[in-house]
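Data first, discussion second: the structure below is written as structure tokens.
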Amino acid sequence: MIISIASGKGGTGKTTIATSLAAVLGSRAQLLDCDVEEPNCHLLMKPDLQTCESITVPVPIVDMDKCTLCEKCGEVCRFSAILVIGEQVLTFPELCHGCGGCTLLCPEKAIHEGSRELGVIETGLAGPVEFVHGRLRIGEAMSPPLIRAVKQKINTDKIAILDAPPGASCPVINSVTGSDFIILVTEPTPFGLHDLRIAVEAISHLAIPLGVILNRSDTGDREVEKFCADQGIPLLAKIPHKRRIAEGYARGDLLVASAPHYIGLFLELVQTIRKLTRETESGLKEAVL
Amino acid sequence: MKELVIISGKGGTGKTTLTASFAFLARDKVLADCDVDAADLHILADPQTLQEEDFRGGIKARIDLQKCSQCGTCIEYCRFGATSHEFVVSPLSCEGCGVCFQICPQQAISLEEGLNGHWFISETRFGPMVHAALLPGQENSGKLVALVRNQAKVLARRQDISLILVDGAPGVGCPVISSITGADRVLIITEPTLSGLHDMKRAMELVRGFKIPVSVVINKHDLNTDVTEEIEAHSTNVQADVLGRIPYDPQVTRSLVQRRCVVEDGNSPAKKAIQEIWERLEPDLLS
Amino acid sequence: MEAENMESRVRHALSEIVDPETGLNIMRMDLIHDLTVTEDGEVGLVFRPSSPVCPMAYSLANSIKKKIESLKDIRSVRIAVENFQNADRLERLVNQ
């Protein structure tokens, strides 16, 4: 089973939830940190990292001896990454998507491919929990290709917990696609509600069952709860704000370490998710029949 | 004209709250909300839309099944696995590179521009604002951010306004890069948690790579004094100036629920801290 | 009169150049300044890319040059680049 933890708004507690869920499941779990721009799971899980793999994308290198300045490459490129200007061919590797178009279509076969590093993927063990994360190279603009590379490490024998990046756009969709369930974490404020709506709408196209965890639930207002009730979105848990827990998180302690009475909540969470996933599957089957 | 961009690295550290507070305290400014994925500044700024336009930033391939001979060349050459064996292009996976369009022997493939979002020029209770909203699930390639920033500059020039305040996005990827290139100053607002410190360092590296002056503010500093000091030490080491610390203050949330900034009412600890920070920042921005 | 007519044709042509990043035309983006067109069809302008490090500046400068050169009665184009990290290099390349 694959469970993704996402949110519209940043800083609502995705990593807090993802890491405690994985820690409670122990050897049954694999934790994959897909927030490759700012991966944080390792700070709480403290994994013993065993592998480090560089993930690259191919970029064009032009052999000026063969080049006739025909400008086919510039015409073909949709990202302005290769261009004939004056008597020169300029390439902008940082804009290149690695589609191979210029290399393929150069009439003189004057282009071969070098590479640009997107970032790295590291794997290891955090106690009994399998751990994977991606870290984007600073200055690299595109996170989705690295996120997809992290997801290729999903171990289907485990309950895979994916910590997604904040937001509701392409990087998030790349992270949560293919999940069996999505937990959206939010806070009871106007920002939290507004961004939750956006996230729900983004994810609704994927037809993946979802539920909400309300963090710092005793602050703010009741609008998020009302929204969930109106939309028929299960409110999986409400976690009140506790200074002690916030201070623990600041130090790098897991939620279930600062507040062990939450261990039961996370075990129940998995059961609830299994039930909701089965209900959706049978619902879909009925709809098809 | 000076442009201040507020980013965080880690999400949820208070970018929008701080940007709105500065917007309240500054005299003449143009606001730009560059968190186009999950734009929140309007919740505090209360905009009246003057102008709304479509944003079409991306191209997707589409196969005309009537013309398609199912030769499979497109599948063979697509580096993104975007075309299924039923010859349907997945909009999520398609990067709009156009290779399939170029090589299809039947010329059965067309490239289509879709609607990715909308952008707006509005009048708010803090002054003019340029903002945008990506349609949910769309590519956030930084293009819409570049558009918002450009139009904020055009507006500022036209109205002879000398300050642009930019609310940036979380992370260090494309939208953040588009938010900061060419800015006069970047302010990183962070929190004294291990995550906040880690993410701030990455954001700092990004900003310094572009050789932009950077300032740091630590929000909820009283959560952890040790990490606060680590953040300040790191900032000093990399020649970033620490503008100040804001204490954890439940008034921030109480004001937010009323759609107000904490600096608008009363005399809370957070309000005082933000005012002091603005007083330190303002001379540099108005020179 | 002739120069005015040519200038308005050049402006119109420039407004047809779209920045692939934003989808807006470069006149709307305020990227072109100090446009001069002489009666002899010599065009001069200042190009200020939207950011000092924007790599698209090269492609746009190239498009500007080609577009203006393609107009009837235009003899030469000279593009000055400002507010750009490699302004000298881009100027050299585009004015070749």
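The values are calculated or read from the model by the stated rules, or taken from the named source; none is laboratory data. The structure presented is a predicted model; accordingly, all values stated were derived computationally and were not measured. Counting neighbours? That spans all protein chains shown, and the Cβs are built from the backbone with ideal geometry, glycine included.
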Considering residues of region B:193-215 that are buried (at least 21 other Cβ atoms within 10 Å of the Cβ) and more than 16 Å from the chain's Cα centre (by Cα) only, the residue farthest from the other protein chains (Cβ to nearest Cβ): B:S215
Sort out which residues of region A:10-33 are more than 14 Å from chain B (Cβ to nearest Cβ) and either among the β-branched types (V, I, T) or not in a helix (DSSP H, G or I) (or both), and write them in order of number. A:V24, A:A29, A:Q30, A:L31, A:L32
Restrict the check to region B:37-48 and report whether at least one residue is outside the structural domain of B:L163 (by TED's automatic domain parsing), of a type in the set (D, E, K, R) and out of contact with any Cys (no Cβ under 6 Å at 6 or more places or on another chain). no
May I ask you to list the residues in region B:88-101 that are within 19 Å of A:C73 (Cβ to Cβ) and surrounded by fewer than 17 Cβ atoms within 10 Å (Cβ to Cβ)? none
For region C:1-52, how many residues meet the condition of being over 30 Å from B:S178 (Cα atoms), acidic (D, E) and outside any helix (DSSP H, G or I)? 3
Can you tell me which residue in region A:173-215 is farthest from the other protein chains (Cβ to nearest Cβ), limited to those that are among the charged types (D, E, K, R) and in contact (Cβ under 8 Å) with a residue 40 or more places away in the chain? A:D180
Here are some residues: C:I64, C:I68. Which one is within 14 Å of another protein chain (Cβ to nearest Cβ), touching a strand residue (DSSP E or B) at 6+ places or on another chain (Cβ under 7 Å) and modelled with pLDDT of 95 or more? C:I64
Among the residues of region B:55-64, write down those that are of a type outside the set (G, A, S), within 17 Å of B:L144 (Cβ to Cβ) and more than 9 Å from every other protein chain (Cβ to nearest Cβ). B:K60
Would region B:149-167 turn up any residue that is part of a helix (DSSP H, G or I) and within 17 Å of B:S8 (Cα to Cα)? no
Please work out if B:Q138 is touching a residue at least 60 places away in the same chain (Cβ under 8 Å) and either over 24 Å from B:G58 (Cα atoms) or outside the structural domain of B:M204 (by TED's automatic domain parsing) (or both). no
Please work out if A:V36 is over 30 Å from A:L125 (Cβ atoms) and within 14 Å of chain B (Cβ to nearest Cβ). no
Take the residues of region B:233-287 that are within 14 Å of chain A (Cβ to nearest Cβ) and among the polar types (S, T, N, Q): which is farthest from B:E205 (Cα to Cα)? B:Q258
Within region B:144-155, residues surrounded by fewer than 24 Cβ atoms within 10 Å (Cβ to Cβ) and within 14 Å of the chain's Cα centre (by Cα) come out as B:N150
Number of positions in region B:159-183 that are without any contact (Cβ under 8 Å) to a residue 40 or more places away in the chain, surrounded by fewer than 22 Cβ atoms within 10 Å (Cβ to Cβ) and touching an Asp or Glu at 6+ places or on another chain (Cβ under 9 Å): 1
Which one is nearest to A:H133 (Cα to Cα), of the residues in region A:86-121 that are surrounded by 20 or more Cβ atoms within 10 Å (Cβ to Cβ), within 14 Å of chain B (Cβ to nearest Cβ) and in contact with a helix residue (DSSP H, G or I) (Cβ under 7 Å, 6 or more places away or on another chain)? A:G119
Among the residues listed as C:A13, C:A87, C:A80, the single one being more than 11 Å from every other protein chain (Cβ to nearest Cβ) and touching a Lys or Arg at 6+ places or on another chain (Cβ under 6 Å): C:A13
Condition (residue is within 21 Å of A:P145 (Cβ to Cβ), crowded, with 22+ Cβ neighbours inside 10 Å and touching a Lys or Arg at 6+ places or on another chain (Cβ under 6 Å)) applied to region A:39-58: is it met by at least one residue? yes
Just to be sure I understand, how many residues within region B:152-184 are within 12 Å of another protein chain (Cβ to nearest Cβ), of a type in the set (S, T, Y) and closer than 22 Å to B:F126 by Cβ? 1
For region B:81-134, enumerate the residues that are out of contact with any Phe, Trp or Tyr (no Cβ under 6 Å at 6 or more places or on another chain), in a loop (DSSP other than H, G, I, E, B) and of a type in the set (D, E). B:E86
What pairs come out if I take residues in region A:5-17 that are under 21 Å from A:K151 (Cα atoms) and pair them with residues that are among the small types (G, A, S) and assigned to a strand (DSSP E or B) whose C-beta lies under 7 Å away, six or more apart or interchain? A:K14/A:A6
